[in-house]
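Report on the following structure.
The values are calculated or read from the model by the stated rules, or taken from the named source; none is laboratory data. Only a predicted model underlies this, so the values are computations on that prediction, with no experimental measurement involved. All Cβ positions, even for glycine, are placed from backbone atoms using ideal geometry, and neighbour counts span all protein chains on display. Keep in mind that these areas ignore ligands, DNA and RNA; they rest on the heavy atoms of the full protein, side chains included. Shrake-Rupley method; radii C 1.70, N 1.55, O 1.52, S 1.80 Å.
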Amino acid sequence: MDTLAIKKRIRDFDQSLAERFWQGDDVESLIHERASFMDECLTEIWRAVFGDTSNLALLAVGGYGRAELHPHSDLDLLILVRSHRHAGDAVAEFVRHLWDFGQTVGHSVRTPRECRSAGRDDLTIITALYDRRYITGSEALTGKLDDILTAKPVWSGKDYFRAKVDELHARHERQSDVEYSLEPNIKTSPGGLRDLQTLGWLSKRQFGTANPHDHHRLGLISGRDRDWFVERIKFLWRVRFGLHILAGREEDRLLFDYQRDLAARLGYEDTETRPGVEHFMHAYYRRVLELRQICEILLQHFETITFLDDPQPVVEPINERFQLRRGYIEAVHENVFAENPSALLEVFVIMAGRDDNVAVGAQTIGWLRNCLRLIDDDFRNDPENTRLFMELLRAPHTLVTQLGRMRRYGVLGRYIPEFGRVIGQMQHDLFHIYTVDAHTMMVIRFMQRFTREESAREFPLASRIVRELPKIELLYIAGFFHDIGKGRGGDHSNLGADDAVSFCRRHGLPADETDLLDFLVRSHLVMSTTAQRKDINDPEVVASFARLVRTEERLNYLYALTVADINATNPTLWTDWRSTLLGQLYVATRNLLREGPGFQVSRDAKVERRQRQAEATLAAKNIDHADYAAIWNGAGEGFFLQHTPGEAAWITERLLIELASSEHIVLVTDVKGGDYGKGATEVFICMPDRENLFADSVMALDRQRLSIVNARIATGADGRCYDSFFVLDHQGKALSDPALRESVREKLLDALTRPGAGPGRGSRRIPRTLKHFAVPTEVTLQSPDRSGISQLTVVSSDRPGLLAEIGSTFVELDIEVHQARINTLGERIEDIFQISGKGRRPIEGEATIGRIRSVLTERLDAMVRDGAR
């Protein structure tokens with residue numbers, strides 16, 4: 001056997017298939033050809049190793065058994081042996097040859113009886129055996145396996161159906177039951193290839209065929225659905241085939257790394273309104289949504305036939321149009337929707353009002369889809385239909401489930417055409433993980449979750465607020481429209497607000513509720529951006545936000561919408577710190593609104609009040625003002641804006657104790673979030689100021705894998721620094737472990753008292769997705785003021801280790817930091833530094849300023865370019 005020749009033959013064949021694929025050859029033929037070609041190669045190797053033996057047989061199982069072999073699919077093999085004494089070392093030699101040829105092999109070695117036994121105990125094994133296909137070796141032994149598996153079914157039809165459906169539902173649950181992840185797994189996502197394979201296994205088990213044409217012949221699906229089914233399977237096969245070629249390995253995740261190239265190669269071109277990749281992904285999302293509809297219909301038919309011998313179910317009349325059978329709502333006859341179009345909404349209202357888990361019957365889904373054309377302008381303006389839709393939004397039980405069904409069946413996109421336009425609409429940014437429509441469904445899901453008592457532990461403030469809202473349906477409407485304007489050009493908030501107002505008028509909502517929804521949709525980003533990008537300890541910031549909000553009721557709705565929006569965007573965004581910031585802004589604004597119009601506390605008054613309260617706490621411990629006056633003067637008014645009186649008193653007392661024995665102090669303390677957040681951990685540094693202190697601090701914290709979410713750098717007239725860094729761990733949590741906190745303190749103190757003695761800046765992995773959505777770095781450097789200090793502003797994409805990179809660049813450029821305001825939340829940072837050259841030398845001259853800007857820009861952009869893998 002010439003192993004090099006076989007390896008070259010496989011490589012040449014795969015290259016030929018790839019060329020034919022990109023030229024547009026039929027993908028079904030290509031995957032079957034590859035399976036046949038590999039059969040020939042395996043037969044050649046088998047005969048070279050085993051010769052002509054009647055004691056072993058080689059079978060393909062799984063996808064290879066179905067003759068569906070994509071460029072880098074595994075070779076799933078069953079080596080069937082009469083007994084294990086016939087296997088010996090030859091089996092290991094055979095498998096080793098396959099690996100040597102560059103093939104990924106999954107194999108098992110079993111006797112026919114062991115196959116039956118293993119299949120009885122393991123759902124995956126029996127499913128793989130259902131796909132078995134003879135390749136070479138003993139046909140008699142293969143026949144014996146067939147006899148053993150078919151003489152008496154290993155699994156009953158009912159048990160197998162239940163197990164596979166449970167498996168499917170568990171898989172969907174792991175994907176949050178959403179088809180529209182922005183980087184979908186084309187195999188395991190809802191509506192993906194695994195769902196289609198599940199249908200095939202159940203169909204083959206029940207009918208002996210998995211062919212959609214046979215399903216049509218049996219009356220299980222319509223001719224239209226059959227054609228859709230075949231076309232959409234081939235579409236997914238084309239996507240997977242091309243993805244394997246581009247990745248050079250078995251890759252079923254449609255990652256951003258491949259989407260653009262794959263779209264171009266499959267013929268999707270840029271247009272004036274959208275790039276080609278968006279057209280491609282929109283085509284993908286539409287197809288998996290349609291496939292999921294067809295899967296739902298077929299599964300119901302399979303269930304009915306599988307359990308046909310069960311006692312006849314009781315038919316429960318609901319009204320003159322609908323009845324309930326086996327947990328499915330059915331139209332009483334095929335003309336229900338044609339004769340009464342309002343029933344297109346009524347069926348979902350009925351289900352949302354029930355506390356049991358019911359679905360729409362397969363035949364009824366077909367009748368409903370055939371009548372979607374009836375949802376036109378007259379339908380949308382019919383008072384009965386607007387009443388039904390508002391009743392749906394007030395339903396106590398399964399609102400999100402029903403909205404999801406309405407989306408899948410095409411009802412929601414027809415009833416609200418603006419929503420229909422965003423179905424499958426991508427969101428090109430770093431943190432959204434769902435399409436616009438899927439994100440919208442998740443927002444409403446979180447809102448409904450807030451109404452339940454069990455949410456109080458994770459979302460204490462949102463839970464309390466939502467359960468006290470006078471009309472929960474107004475919150476749902478705001479969630480439904482908040483992003484509906486995306487993809488049209490212009491400000492999506494304003495476009496969505498206009499759509500929301502039109503909706504309110506069509507549905508007869510009073511003027512005050514219309515005004516509320518206009519405000520919520522138009523301003524749905526304001527609370528988040530205010531909390532993250534402004535100093536919410538500044539009374540003027542809070543007063544400005546309160547003037548926009550105007551009433552406590554509007555504040556309550558806006559807070560609930562903001563929290564739901566953040567969590568539905570990406571669960572990793574809801575950190576302890578973000579929760580705390582939003583909670584602080586909510587409470588400060590609520591208190592200000594309760595004081596009445598015109599009431600406002602000035603910045604100076606707030607500082608003075610907190611100082612008096614902290615003084616009282618310290619006086620109660622017999623600590624005299626004269627003892628800490630220098631500390632307070634050095635720390636500045638920002639110290640009292642950033643800390644509560646209790647926190648300020650505690651830090652002051654600790655500094656007095658520590659300064660008695662050392663000039664270098666690091667304190668680690670909690671930032672409490674009260675009942676609205678879990679806060680963060682503050683690292684407070686007090687020591688004589690020196691060159692590169694800021695850089696050494698941020699690099700030392702970065703080496704400990706801490707994320708700096710906020711910072712305040714201050715240098716007092718006494719020559720000491722009073723620096724606060726607010727940090728979270730890698731999970732976005734405050735540091736709760738006392739041992740970890742002490743370790744952070746010790747390592748930081750060591751790094752700051754022995755500069756250059758410790759290890760250099762740590763290496764942090766840059767998220768792979770960042771390179772696709774990175775914000776180009778912008779650096780602005782103002783001319784120095786009279787004291788020689790310049791203001792440097794850095795705008796860039798947030799990423800691990802960013803502040804450490806800035807700090808190390810400052811060292812390289814001989815820059816000293818005197819003040820800093822750090823905000824590294826969300827996908828974008830806007831950090832402001834008051835800087836000078838060494839020895840407070842002013843930074844002047846176009847060449848010097850230009851070099852600082854160019855080096856910082858190049859260094860930060862290179863982090864993404866070189867670090868995102």
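Numerical summary
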item	result
Residue match in region 422-432 (condition: in contact with a strand residue (DSSP E or B) (Cβ under 7 Å, 6 or more places away or on another chain) and open to solvent by 30 Å² or more (accessible area, probe 1.4 Å))	no
Of all residues making up region 36-46, the number that are closer than 16 Å to residue 69 by Cβ and either open to solvent by 30 Å² or more (accessible area, probe 1.4 Å) or charged (D, E, K, R) (or both)	3
Members of region 683-701 that are buried (at least 19 other Cβ atoms within 10 Å of the Cβ) and out of contact with any strand residue (DSSP E or B) (no Cβ under 8 Å at 6 or more places or on another chain)	696, 699, 700
Subset of region 591-609 (residues that are modelled with pLDDT of 90 or more and surrounded by 17 or more Cβ atoms within 10 Å (Cβ to Cβ))	592, 593
Answer from 49, 27 - the residue that is farther than 24 Å from residue 129 by Cα, in contact (Cβ under 8 Å) with a residue 24 or more places away in the chain, surrounded by 15 or more Cβ atoms within 10 Å (Cβ to Cβ) and more than 46 Å from the chain's Cα centre (by Cα)	49
Cross-chain or 6+ apart pairs with Cβ under 8 Å, region 736-763 first and acidic (Asp, Glu), then assigned to a loop (DSSP other than H, G, I, E, B) and at pLDDT below 90	750/757; 750/758
Residue 224 vs. criteria part of a helix (DSSP H, G or I) and touching a residue at least 12 places away in the same chain (Cβ under 8 Å)	no
Some residue of region 393-400 being surrounded by 21 or more Cβ atoms within 10 Å (Cβ to Cβ) and under 19 Å from the mean Cα position of the chain (by Cα)	no
Within region 336-369, considering residues that are touching a residue at least 24 places away in the same chain (Cβ under 8 Å) and more than 18 Å from residue 404 (Cβ to Cβ), the one surrounded by the fewest Cβ atoms within 10 Å (Cβ to Cβ)	338
Residue that is farther than 16 Å from residue 541 by Cα, at pLDDT below 90, surrounded by fewer than 22 Cβ atoms within 10 Å (Cβ to Cβ) and hydrophobic (A, V, I, L, M, F, W, C), where the choices are 626, 619	626
Subset of region 53-65 [open to solvent by 10 Å² or more (accessible area, probe 1.4 Å) and closer than 15 Å to residue 140 by Cα]	53, 54, 55
Counted residues, region 1-21 - those being within 19 Å of residue 267 (Cβ to Cβ) and either touching a strand residue (DSSP E or B) at 6+ places or on another chain (Cβ under 7 Å) or surrounded by fewer than 12 Cβ atoms within 10 Å (Cβ to Cβ) (or both)	1
Any helices (runs of 4 or more DSSP H) falling wholly within region 458-523 and containing at least 3 residues that are more than 23 Å from residue 388 (Cβ to Cβ)	460-466, 492-506, 511-522
Odd one out for residue 418 among (1) touching an Asp or Glu at 6+ places or on another chain (Cβ under 6 Å); (2) buried (at least 21 other Cβ atoms within 10 Å of the Cβ); (3) within 21 Å of residue 497 (Cβ to Cβ)	(2)
Hits in region 653-673 (condition: open to solvent by less than 20 Å² (accessible area, probe 1.4 Å) and β-branched (Val, Ile, Thr))	665, 666, 671
Given (1) open to solvent by 60 Å² or more (accessible area, probe 1.4 Å); (2) out of contact with any strand residue (DSSP E or B) (no Cβ under 9 Å at 6 or more places or on another chain); (3) in contact (Cβ under 8 Å) with a residue 12 or more places away in the chain; (4) closer than 28 Å to residue 130 by Cβ, number of the condition residue 68 does not satisfy	(1)
Residue selected from region 71-88 under the condition touching a helix residue (DSSP H, G or I) at 6+ places or on another chain (Cβ under 8 Å) and part of a loop (DSSP other than H, G, I, E, B), by the criterion surrounded by the fewest Cβ atoms within 10 Å (Cβ to Cβ)	74
Which listed residue, of 560, 543, 564, is touching a Phe, Trp or Tyr at 6+ places or on another chain (Cβ under 6 Å), within 30 Å of residue 796 (Cα to Cα) and open to solvent by less than 10 Å² (accessible area, probe 1.4 Å)	564
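Yes/no matrix, rows are residues, columns are (1) at pLDDT 90 or above; (2) over 28 Å from residue 81 (Cα atoms); (3) in a helix (DSSP H, G or I):
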site	(1), (2), (3)
142	yes, no, yes
150	no, no, yes
165	yes, yes, yes
183	no, yes, no
189	no, yes, no
216	no, yes, yes
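Rundown of residues vs (1) farther than 30 Å from residue 183 by Cβ; (2) not in a helix (DSSP H, G or I), yes/no style:
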| site | (1), (2) |
| --- | --- |
| 259 | no, no |
| 280 | no, no |
| 291 | no, no |
| 300 | yes, no |
| 323 | yes, yes |
| 329 | yes, yes |
| 345 | yes, no |
| 355 | yes, yes |
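Quick grid of which residues meet (1) over 45 Å from the mean Cα position of the chain (by Cα); (2) over 19 Å from residue 535 (Cα atoms):
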| site | (1), (2) |
| --- | --- |
| 626 | yes, yes |
| 644 | no, no |
| 653 | no, yes |
| 688 | no, yes |
| 720 | no, yes |
